[in-house]
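Undergrad: I have a structure here, written as structure tokens, and I will follow up with some questions on it.
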Amino acid sequence: MLFLAWGTEREVLWDVVDDLLFLLCTEPPAPEKPPFVTWFSGSVRRTKRIVEPLNRLLVESRSVYEVTPNQRGLQRRMEAGLSEALNVAANAAESSGDLAARRYLERARDKLMAVHTDPSGAYVDLIRAVEAVACPMFLPRDQLPTLGKVRDHLRDADVKYEYVLTDKSGNPGNTGGVVAMLTDLWEGHSDRHAGGPREVPVSQEAAEAALTTATALVTLLSRRAVRPRINAAAQRQETR
């Protein structure tokens, strides 16, 4: 390791650290494992001796990298607010039974925060995360549902749905804001189709903006912030 530290070009040193963590470290033990099992595990003790001082060094040097949650690699340090928003979205999706949405969000995060980022792949997973929540909710009978179809459905059937945020008169709001976010996410996928003049590689900045939009959509839809509108006649019937 000392040889690698002194004999490796600076540009690839992060890759060396990333690979060594994968080779030498193990994932944290499951919470249900008895403490004595962890204590007698040589691999767990070795991982602790490696990860703890490395984490301190990365924090004290204000590095853009941190050790991944599974302790087997490096990832770019995510802004605290964005990380919290992603966790809220993932938990909301899981609570509503949309486990696939949580998996796609976490996959997108891993691709965006990796030592070698994959913004295009992350963008695909972000769209899938929103589709995993939205398609069964708004297009349950469609055999080939897409995020674009969800957007068109909410836009064209606006009178059938309401948004939990009220308008200036105190009535349930319309879905215009949600449709705008869906449009931004759908149309911002600039490399979805190849071979055309409008094909543009997804940038890291665009993918990070998409992450913010997707986490908001997953949270809102998982918590049923958009729901079928109850017409006035039905409301009067319910109050009787």
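The values are calculated or read from the model by the stated rules, or taken from the named source; none is laboratory data. This structure is a prediction, so every number in the text was calculated from the model and none was measured. Quick reminder, even Gly has a Cβ in these numbers, built from the backbone with ideal geometry, and neighbours come from all protein chains shown. Surface accessibility is based on the protein's heavy atoms, side chains included, excluding ligands, DNA and RNA. Shrake-Rupley method; radii C 1.70, N 1.55, O 1.52, S 1.80 Å.
Undergrad: Taking the chain, how many lysine pairs are there with alpha carbons less than 27 Å apart, if each pair must be eight or more places apart or span two chains?
TA: Final tally of qualifying lysine pairs is 5.
Undergrad: Would you kindly derive the ³J(HN,Hα) couplings of segment 47-60 from the backbone phi angles with the Karplus curve 6.51 cos²θ - 1.76 cosθ + 1.60 (θ = phi - 60°), listing them in order in whole Hz, with x for Gly and Pro?
TA: 4, 4, 5, 7, 6, 4, x, 5, 4, 4, 4, 5, 5, 5
Undergrad: Once phi is turned into θ = phi - 60°, what whole-Hz ³J(HN,Hα) does the Karplus curve with 6.51, -1.76 and 1.60 give for every residue of segment 69-86, x standing for Gly and Pro?
TA: Taking θ as phi minus 60°, the curve returns x, 8, 6, 10, x, 10, 9, 5, 6, 8, 4, 4, x, 5, 4, 5, 4, 5 Hz for segment 69-86.
Undergrad: Stretched out fully, how many nm does the piece from Leu24 to Thr183 gain, at 0.36 nm a residue minus the Cα gap?
TA: 52.8 nm
Undergrad: How do the peptides 62-69, 87-94 rank, highest first, by the average count of neighbouring beta carbon atoms within 10 Å per residue? Mind showing how you got there, number by number?
TA: Details: 62-69: 15.1, 87-94: 19.5.
The most tightly packed comes first, giving 87-94, 62-69.
Undergrad: Something else now. Could you pull out every residue, at least 5 positions away or on a different chain, whose amide H is within less than 5 Å of the one on Leu74? Hs are placed 1.01 Å off N in the peptide plane, and Pro or chain starts have none.
TA: Thr68
Undergrad: Name the most mobile residue of Asp152, Asp142, Asp184, meaning the one with the largest mean-square fluctuation, in a Gaussian network model of the chain with Cα contacts below 10 Å.
TA: Comparing Asp152, Asp142, Asp184 in a Gaussian network model of the chain, the most mobile one is Asp142.
Undergrad: Moving to a separate point now. Using a 10 angstrom cutoff on alpha carbons, build the Gaussian network for the chain and name the most mobile of Glu208, Glu106, Glu60.
TA: Of Glu208, Glu106, Glu60, the Gaussian network model singles out Glu60 as fluctuating most.
Undergrad: If you don't mind, there's one more thing I want to ask. Would you kindly state how much longer the chain becomes between Lys160 and Ser63 on full extension, computed as 0.36 nm times their sequence separation minus their alpha carbon distance, in nm to one decimal?
TA: Length gained between Lys160 and Ser63: 30.0 nm.
Undergrad: Under the Karplus relation 6.51 cos²θ - 1.76 cosθ + 1.60, θ = phi - 60°, what is the ordered set of whole-Hz ³J(HN,Hα) values for segment 121-129, x standing for Gly and Pro?
TA: x, 5, 4, 4, 5, 5, 4, 5, 4
Undergrad: Right, next: If packing is taken as the mean number of other Cβ atoms within 10 Å per residue, what is the order of 167-174, 128-135, highest first?
TA: 128-135, 167-174
Undergrad: State in Å² the accessible area per residue of segment 85-240; use a 1.4 Å probe, count heavy atoms of protein chains only, and round to the nearest integer. The partial results should precede the final answer.
TA: Working: 8560 Å² over 156 residues.
Normalised by residue count, the accessible surface of segment 85-240 is 55 Å².
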